[in-house]
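S.K.: Before anything else, here's the structure in question.
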There are 2 protein chains.
Amino acid sequence: MKFSDCQTAPSPRRVRMFIAEKGAQIPTVQVDLRNGEQLTPAFRKLNPRCTVPVLELDDGVCLNDTLAICHYLESRFPTPNLMGEDAREQALVMNWHEQILTEGFMAGGEALRNFSKGFKDRALTGAVGYAQIPELAERGRQRLEVFMDVLDARLADHSWVAIDRFTLADIGAFVCTDFASWVKLPVMERWPNIRRWFEAIAQRPSASV
Amino acid sequence: MKFSDCQTAPSPRRVRMFIAEKGAQIPTVQVDLRNGEQLTPAFRKLNPRCTVPVLELDDGVCLNDTLAICHYLESRFPTPNLMGEDAREQALVMNWHEQILTEGFMAGGEALRNFSKGFKDRALTGAVGYAQIPELAERGRQRLEVFMDVLDARLADHSWVAIDRFTLADIGAFVCTDFASWVKLPVMERWPNIRRWFEAIAQRPSASV
C-alpha cells in the first residue's frame, strides 16, 4: 500500500489520524498541493480527481475517498475498532461521516475557497478550474455555523459523536473543527461542548501527526 | 424498521431500488416533500436534517444517509450482495458512491435548485432556507456534464460502475443519470456508453418501483 498525503491539508489529515490511531505503518508520500502537484500527469494517473488522500492498494487500485480508504484500512488493521463493531454501529459512524463531510467540510471549503485570493479560479478541488462565487463563501460560512450548532448539541449529552466511544466520526469532526479556524470561526469561544470534546481529542498522540 | 420515502424524489429512489433488488419487505411511508411535510415538527423528530430517505431502526435510531441505510440493510438482507463481498470490493463501491454523490447528485441538485422557481429560497435541502445563487446553477450543470464524461469513460471498458457486477454504485449512477433529465441534460444522446448501461438497468424490475 501507499498513502498519498499532504501535511497541510485537512482532508488527508483524517486518514493520517486514522492510521496513527491504528498504530499502522504505511509508506506515505507528501503531495505538494501548494505548487499544483495534484494536477500533474503523474498524479492524475494515481487519481484523476486530483485530490488527496489517495490509498494505492497492492494490486494498483487507487481509492480516493476518505470513507472508502478508512473502511479498507479497518479491515486490514481491525484493532482498535474505529468504525463500529456491528452493522448498527457502523451505519451510525457512516451517517455521521457523511453529515460531517457535506455540512462541515464542504461548507468550510466553500467559505475558504470562494473567498481566499489563493484559490482564485480554484473554487473547487479537482481538475477543472471553477471561478469563485462570493455569495457561496458567505453561505458556506453560515452553513458551517449551523453545523457547529448541530455538533455542539450532539456533544451536550454524548461523549463522542457517533457511538459511545472514539471513532472515525470523531476524527472527521475534530479535523473539521480545527479547519474552521481557517475561516476565522471562533469555535472554542462559541460552542462549549465542542470545546470540551475537542480539547480531550487534542491530547491524543494522533492529533499531532 | 420503517422507511420514509418520497416517490418523486431521486435520493430516496436509491434506497427504494436497493430494497427492491434485495426482495425485502419494509414498511414504507411517503413523505410529501411538495407540501413541506419534511419541515413539520413530527418529521423533524425523525430526521432534524429534514431530508429523505430515512430508515428508522427497531430501537428508534434513525439513519438519514443513503450509504449508511444501505450498509445496514445489506447486513440484514445479505442476498444478493450489492455492496461488495470483501473489503476491497466494498471500498470500491463506497468510493464510487461518494463520487456519484458529490459530483453527480450534488451537481444536479445545484443546477436544479438554484434555477427552478419552485425552489426559491430553498436552494439546499434541510431546515434552513438558503437563497438561490444563479451562478451556482450554471456551475452545477457544468459539473454534471463533467461527471457524465467520467461515468461514460468508465463504462467504455467496464460493464458496471464499481466492480464486475451490479452494485449500489450502479443504482446511484442510474438514478443520478435519470435525474439529469430534470435539468434537461440529453444524456442518452451525448454519452453512448451511459446509454447502453442505462438501458440495461432500466429493464430490471427495481428500476420501476
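S.K.: Quick one: which residue in A:G104, A:G126, A:G108, A:G118 is at pLDDT below 95 and either open to solvent by 50 Å² or more (accessible area, probe 1.4 Å) or farther than 26 Å from B:R88 by Cβ (or both)?
M.R.: A:G118
S.K.: Please verify whether A:V52 is over 27 Å from B:R76 (Cβ atoms), touching a Pro at 6+ places or on another chain (Cβ under 8 Å), among the aliphatic types (A, V, I, L, M) and part of a loop (DSSP other than H, G, I, E, B), treating the condition exactly as stated. Quick ask: steps written out before the conclusion?
M.R.: Values: over 27 Å from B:R76 (Cβ atoms): yes; touching a Pro at 6+ places or on another chain (Cβ under 8 Å): yes; among the aliphatic types (A, V, I, L, M): yes; part of a loop (DSSP other than H, G, I, E, B): yes.
Yes; evaluated as a whole, the condition is true for this residue.
S.K.: Output the residue which, of all residues in the stretch A:28-64 that are within 19 Å of the chain's Cα centre (by Cα) and within 11 Å of another protein chain (Cβ to nearest Cβ), is surrounded by the fewest Cβ atoms within 10 Å (Cβ to Cβ).
M.R.: Only one residue tops the list, namely A:C62.
S.K.: Quickly run through the stretch A:88-101 and pick out the residues that are open to solvent by less than 20 Å² (accessible area, probe 1.4 Å) and either of a type in the set (K, R) or in contact with a His (Cβ under 7 Å, 6 or more places away or on another chain) (or both).
M.R.: Passing the criteria: A:A91, A:M94.
S.K.: Hey, could you check the stretch B:81-122 for residues that are among the charged types (D, E, K, R) and assigned to a loop (DSSP other than H, G, I, E, B) and say which is farthest from the other protein chains (Cβ to nearest Cβ)?
M.R.: The qualifying residue farthest from the other protein chains (Cβ to nearest Cβ) is B:K120.
S.K.: Ok, one more. Which numbered condition in (1) in a helix (DSSP H, G or I); (2) within 11 Å of chain A (Cβ to nearest Cβ); (3) out of contact with any Asp or Glu (no Cβ under 6 Å at 6 or more places or on another chain) is the only one that B:P78 fails?
M.R.: (1)
S.K.: Here's another thing I want to ask about it. Please find, within the stretch A:123-172, the residue that is nearest to the chain's Cα centre (by Cα) out of those that are β-branched (V, I, T) and in a helix (DSSP H, G or I).
M.R.: If we take residues in the stretch A:123-172 being β-branched (V, I, T) and in a helix (DSSP H, G or I), then A:I171 is nearest to the chain's Cα centre (by Cα).
S.K.: Can you pull out the residues in the stretch B:136-188 that are farther than 24 Å from A:A123 by Cα, charged (D, E, K, R) and surrounded by fewer than 21 Cβ atoms within 10 Å (Cβ to Cβ)?
M.R.: B:D152, B:R154, B:D157, B:D164, B:R165, B:D178, B:K184
S.K.: Give me the pairs: first residue in the stretch A:131-144 and within 9 Å of another protein chain (Cβ to nearest Cβ), second residue of a type outside the set (S, T, Y) and assigned to a helix (DSSP H, G or I), beta-carbon distance under 6 Å, and six or more apart or on different chains, which are they?
M.R.: Partner pairs satisfying both residue conditions: A:I133/B:E135; A:L136/A:E110; A:R143/A:A107.
The values are calculated or read from the model by the stated rules, or taken from the named source; none is laboratory data. Computed from a prediction, not measured in an experiment: that's the story for all the values here. Every residue, glycine as well, gets a Cβ built from its backbone with ideal geometry; the counts of neighbours run over all protein chains shown. These area figures cover heavy atoms from the full protein model, side chains too; ligands, DNA and RNA do not enter into them. Shrake-Rupley method; radii C 1.70, N 1.55, O 1.52, S 1.80 Å.
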